[in-house]
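In what follows, a structure is listed as structure tokens, so that the remarks can point back to it.
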Amino acid sequence: MTGGASASAEHDELRQVVRKFLGERSPSHAVRRLMAAGEERDHEVWSLLAGQLGLTGIAVPERFGGAGYGPAELAVVLEEMGGALLVAPYFATVALAGQALTASADEDAMARWLPGIADGTLTATLAVAEESGAWDLAEVAAAAEPAGGGWAVTGTKLFVIDGHTAGLLLVVARAPDGLGVFAVDGGAAGVEAARLDTLDPTRALASVAFNGAPAVRVGVGRDTAAWLPQVLDLALAALAAEQLGGAARCLDMAVSYAKVREQFGRPIGSFQAIKHKCANLLVDVECGRSAVFHASAAAATGQPDAPLAAVLAYTHCSQAFTRAAKECIQIHGGIGYTWEHDAHLYLRRAKSSQLLFGPPARQRARLAELAGI
Amino acid sequence: MRFDYSQELEDYRAAVRAFIERHGPGARKHVGVRAPDPDQVPALRAWVARLYAAGYLGQTWPAAYGGRPGATIEHTFIVAEEIARARTWGEIGAGALAAGAVLAFGSEAQRQRYLPRIRSGEDLWCQLFSEPGAGSDLASLKTRAVRDGDHFVVNGQKVWTTNGHHADLGYLLARTNPDVAKQAGITAFALDMRTPGVDVRPLREITGTSDFNEVFLDNVRIPAEAVIGEVDGGWRVANASLGHERSGVSARAVELYAQLDDLVELARRTTTAAGRPAIADGATRQRIGRLAALAHVTDVMSKAVRSRIANGTEDAADGPLAKVFFSEVNLAMTECGVALQGVGGMAVEGDRQAYADGWWQDAYLYARAYTIAGGANEVLKTVVAERALGLPRDKR
């Protein structure tokens with residue numbers, strides 16, 4: 001998957017397959033059922049998307065049971081999942097943990113966990129943020145100590161995506177020799193996880209306390225600073241793709257409604273105020289599409305500007321999605337303000353996604369830094 | 001134009017503030033126009049009665065109906081401002097709105113019947129204006145009222161009825177004549193909410209709370225003596241009532257100032273990447289500074305509008321303009337409040353991680369009500385452009 005035109009044709013095909021699947025398997029009522037029950041996924045849907053569609057293995061190398069594609073194909077999948085607000089531990093398992101294991105280049109770790117991720121039997125996540133909530137490696141205080149040939153992790157991680165259900169937790173912690181990534185079994189002794197009440201009920205976040213939890217170090221013999229930051233940038237690019245999907249869906253909803261809702265004897269979409277709102281959203285979405293394409297392509301081919309492209313895409317898509325969700329509600333008027341209507345679910349997802357990796361101001365500051373400003 | 005108050009009004013403000021501190025039902029958990037929990041309602045009925053008895057509500061009514069001689073609209077503004085400042089409950093429901101209509105357009109019998117029970121807190125009212133198909137375009141409402149002897153039979157559906165589930169009476173608009181211009185065939189009624197055929201169903205909103213209701217009217221029989229004003233004259237009645245909603249203008253500025261104080265406090269407590277308080281961060285200071293300026297402008301603008309209302313020189317565009325401005329400033333402020341919390345901004349009411357028990361998250365979600373309810377901002381901007389700037393009228 002390297003050539004422009006053929007990649008694009010394959011991406012289109014992938015997109016259609018995923019869209020059709022989610023349209024059938026993750027319609028609004030299914031999302032709401034899972035959300036209300038506080039469940040992390042529909043197991044049947046998960047096994048289909050892993051087994052039949054092979055989506056959990058899309059970015060896993062072939063020798064570990066995956067399809068061997070990368071960030072660009074993952075972006076297509078995440079865009080569709082974002083549009084459908086799929087309730088599943090996909091982002092955490094595939095975009096965070098899966099990409100982290102691959103980036104670690106740790107043969108043992110990859111051989112041990114990637115096949116499970118690829119075939120959907122293992123769910124996983126990456127735990128970075130602590131008290132400040134920021135995904136900032138400098139702020140990591142969790143500690144890892146050598147213990148009986150392995151490691152023991154102690155500390156509290158916050159806002160861990162699917163942290164209370166993940167089978168495998170990749171925990172960023174401080175070892176005596178510096179920062180490291182430590183694999184902890186979700187069910188291990190010394191792990192206490194609890195789901196948090198957050199704005200977005202379609203994405204589970206948890207606090208996870210580690211009290212001397214047994215762990216295996218990932219990326220042994222490699223300087224963590226050489227690959228972990230790259231993982232965080234992959235996460236930003238992945239989230240940007242998901243946000244783009246959400247923004248595009250908000251635009252669709254708003255436009256469809258503006259065509260049929262009549263006030264003052266005509267469709268509200270015939271009013272210039274509404275037309276311009278919709279046109280502005282389209283500009284946002286199209287710019288976002290380019291930014292996401294650039295970020296995932298740069299990550300896939302290891303371009304030096306990949307970090308910049310990732311932060312740029314995330315910053316833009318955060319804003320685009322939040323604005324699209326907001327305007328979607330405004331264009332729907334009162335009905336968009338109700339719980340019954342899906343518009344608020346997108347606003348909740350948009351706002352949460354914008355905050356997920358730390359305050360937007362920090363992202364913008366980093367963007368300026370990467371741009372050499 | 002005069003922004004400061006006379007000593008008499010300042011003394012009055014102090015008295016109102018002391019009264020609320022002493023007798024008030026305490027701070028509310030959420031911002032905005034929200035419905036109380038059912039178990040709060042008895043105490044709030046008593047609070048409403050107390051406000052009327054003390055002359056803090058209904059004071060501009062004619063003395064014969066309990067008004068306070070010498071009271072002006074300025075006094076009404078001060079009460080609304082002090083209630084906003086204390087973040088406590090004011091009148092529950094649409095009693096003042098209904099009273100205004102009954103006083104201006106109702107019969108003597110209606111005044112004797114309804115007003116004392118509004119004052120005593122025995123009757124809570126709701127407003128039955130908006131419909132699923134008639135929001136910003138209220139005049140296109142479709143609920144039908146058909147004359148049947150000495151009754152009207154009403155069928156239709158209302159929506160966004162705040163406190164509908166608590167209300168004893170509803171101030172209803174229904175179409176009595178479908179064959180004339182849309183504004184000309186509407187009639188106002190006082191509807192006993194316990195009449196057979198009235199079905200109130202709570203709506204759950206974006207905030208997760210239930211403040212609004214849908215009200216279904218199925219062959220509801222309303223006695224003809226419950227018509228407020230003239231049959232087919234309801235548009236005039238409703239417009240006068242909606243004009244009365246302007247007393248909220250100055251209270252909103254007070255709300256913004258209180259929120260601004262909270263924002264500064266929040267910025268003191270949260271830290272930036274460098275580990276410093278956010279308030280020390282240049283970009284944060286600028287953002288909050290800009291919001292402070294906007295809050296101040298809202299305040300000055302609402303005082304100007306208030307002054308014009310007191311002098312009878314208000315402009316038809318005043319209300320819409322103030323509402324558009326306020327709602328946008330409020331939205332920006334709540335966005336800032338959530339953003340400052342960073343990842344923690346995702347935690348909501350009930351979560352241990354939530355700052356101020358999720359107050360900002362609720363306010364952020366609720367902020368959308370202000371940009372939609374009472375006329376979507378897009379529609380109000382058209383009104384402003386036409387009335388204040390004299391631009392050619394859009395077809396409506």
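The values are calculated or read from the model by the stated rules, or taken from the named source; none is laboratory data. Everything quoted here is computed from the prediction, not taken from an experiment. Every residue, glycine as well, gets a Cβ built from its backbone with ideal geometry; the counts of neighbours run over all protein chains shown. Side chains included, ligands, DNA and RNA excluded: accessible areas come from the protein's heavy atoms. Shrake-Rupley method; radii C 1.70, N 1.55, O 1.52, S 1.80 Å.
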Which of A:ALA209, A:ALA183, A:LEU232, positive extreme of dipole for region A:171-253 (C-beta unit charges)
A:ALA183
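Would you mind getting me the FRET efficiency between A:ALA141 and A:GLU62? Use the beta-carbon distance for r and R0 = 51 Å, nearest 0.05. The partial results should precede the final answer.
Numbers: r = 38 Å, r/R0 = 0.75.
So, using R0 = 51 Å, E works out to roughly 0.85.
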Taking amide H positions as placed 1.01 Å from N in the peptide plane, with prolines and chain starts having none, which residues 5 or more places from B:VAL159, or on another chain, fall under 5 Å of its amide H?
B:SER130, B:GLU131, B:VAL215
Would you tally the net charge around B:PHE105, using a Cβ to Cβ cut-off of less than 10 Å, leaving B:PHE105 out, and scoring K and R as +1, D and E as -1?
0
Under a point-charge model restricted to the Cβ atoms of Lys and Arg (+1) and Asp and Glu (-1), what is the dipole moment magnitude of region A:284-346 relative to its Cα centre, in debye to the nearest 20?
100
For region A:93-109, Karplus couplings with θ = phi - 60° (6.51, -1.76, 1.60), whole Hz, Gly/Pro x
6, 8, 6, 8, 5, x, 5, 5, 4, 4, 5, 5, 6, 8, 4, 5, 4
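So between A:LYS275 and A:THR154, what do we pick up on full extension, going 0.36 nm a residue minus the alpha carbon distance? Walk me through the intermediate numbers first.
Working: separation 121, 0.36 × 121 = 43.56 nm, distance 5.43 nm.
Using 0.36 nm per residue and subtracting the Cα-Cα distance, I get 38.1 nm.
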With every protein chain left in place, what is the accessible area per residue of chain A in square angstrom, probe 1.4 Å?
37
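Per DSSP H run of n ≥ 4, the term is -39500 (n - 2.57); total these for the protein assembly as shown, divide by its residue number, and report the mean residue ellipticity at 222 nm rounded to 500 deg cm²/dmol. Present the calculation step by step, with values, prior to reporting the outcome.
Numbers: 22 runs with 363 residues, N = 769.
Calculated from helices alone, the mean residue ellipticity at 222 nm is -15500 deg cm²/dmol.
Quote the charge dipole size of chain A about the Cα centre in Debye, to the nearest 20; the model charges only the Cβ of Lys and Arg (+1) and of Asp and Glu (-1). Spell out each step's value before the answer.
Details: 30 positive and 39 negative charges, 249 e Å.
I would put it at about 1200 debye.
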Obtain the nm distance between the two label points defined at B:GLU328 and A:ALA105 by a simple spin-label model: each point lies 7 Å from its Cα along the Cα-to-C-beta direction.
5.3
Give, ordered by residue number, each residue of region A:254-289 whose 1.4 Å probe accessible area is reduced by a minimum of 30 Å² on adding the remaining protein chains to the chain alone.
A:ARG261, A:GLN263, A:PHE264, A:ARG266
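Output the relative contact order of chain B, whole-number percent, from Cα pairs under 8 angstrom with separation of 6+ residues.
On the way: 658 pairs, mean separation 56.7, N = 396.
Value for chain B: 14 percent.
Nearest 100 Å² is fine: how much accessible area is buried between B and A, summed over both sides, with a 1.4 Å probe? Intermediate values should be presented prior to the final figure.
On the way: alone 18490 and 15850 Å², together 30580 Å².
For chain B against chain A, roughly 3800 Å² becomes buried.
Mind scanning A:LYS326/B:LYS29; A:LYS275/B:LYS29; A:LYS351/B:LYS29; A:LYS259/B:LYS182; B:LYS182/B:LYS381 and naming the pairs with a C-alpha gap bigger than 26 Å?
Working: A:LYS326/B:LYS29 24 Å; A:LYS275/B:LYS29 38 Å; A:LYS351/B:LYS29 22 Å; A:LYS259/B:LYS182 23 Å; B:LYS182/B:LYS381 22 Å.
Flagged as over cut-off: A:LYS275/B:LYS29.
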For A:ALA188 paired with B:ASN219, estimate the spin-label separation in nm (one decimal), with each label point 7 Å from Cα along the Cα-to-Cβ line.
7.0
Please work through the protein assembly as shown and write down the cysteines that have no neighbouring cysteine Cβ at a distance under 4.7 Å.
A:CYS278, A:CYS287, A:CYS317, B:CYS126, B:CYS336
I'd like the orientation of helix B:282-311 relative to chain B: the angle between its Cα long axis and the longest Cα principal axis, in ° from 0 to 90, rounded to 10.
30
Which listed residue (A:ILE335, A:ALA313, A:ALA95) has the Cα farthest towards the positive end of the charge dipole for chain A, taking +1 on Lys and Arg C-beta and -1 on Asp and Glu C-beta about the Cα centre?
A:ILE335
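Pop the C-beta distance of B:ARG276 and B:SER6 into the FRET formula with R0 = 41 Å and round what comes out to the nearest 0.05. Before the final figure, lay out the partial values.
Details: r = 46 Å, r/R0 = 1.11.
Efficiency computed from Cβ-Cβ geometry: 0.35.
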Return the tail of the calculated pair distribution for the protein assembly as shown, meaning the percent of Cα-Cα pairs more than 53 Å apart.
20
What are the residues whose amide H is under 5 Å from the amide H of A:LEU205, where those residues sit 5 or more places off or on another chain and H is modelled from the backbone?
A:ASP162, A:LEU196
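When only Cα pairs under 8 Å and 6 or more residues apart are kept, what is the percent relative contact order across region A:4-122? Don't skip to the answer; put the middle values down first.
Working: 130 pairs, mean separation 37.3, N = 119.
Computed value for region A:4-122: 31 percent relative contact order.
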Assuming a ≥ b ≥ c are the square roots of the Cα gyration tensor eigenvalues, decide whether chain A counts as rounded (a/c under 1.5), prolate (otherwise, with a/b larger than b/c) or oblate.
prolate
Could you give the nm distance between label points at A:GLU286 and A:ALA225, where each point is 7 Å from its Cα heading toward the beta carbon?
4.4
In region A:266-351, the GluC sites (Glu not before Pro) that sit in a DSSP loop and have at most 15 other Cβ atoms within 10 Å of their own Cβ are A:GLU340
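Using a 1.4 Å probe, what is the accessible area per residue for chain B, in Å²?
Details: 16600 Å² over 396 residues.
So chain B comes to 42 Å² accessible per residue, rounded to a whole number.
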For B:ASP192 and B:ASP357, compute 0.36 nm times the residue count separating them, minus their Cα-Cα distance, and round to one decimal in nm.
55.6 nm
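So if I place +1 on the C-beta of Lys and Arg and -1 on the C-beta of Asp and Glu, and nothing else carries charge, what would the dipole magnitude of the protein assembly as shown be about its Cα centre? I want it in debye, nearest 20. Display every interim value, and only then the final one.
Numbers: 76 positive and 87 negative charges, 368 e Å.
My answer is approximately 1760 debye.
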Give me the percent of the accessible area of the protein assembly as shown that comes from carbon and sulfur atoms, probe 1.4 Å, all protein chains in place.
53
State the extension gain, in nm to one decimal, for the chain segment bounded by B:GLU108 and B:ARG268, taking 0.36 nm per residue of separation less the distance between their alpha-carbons.
51.9 nm
Give me the angle, in degrees from 0 to 90, between the Cα long axis of helix B:318-340 and the longest principal axis of the Cα atoms of chain B, rounded to the nearest 10.
40
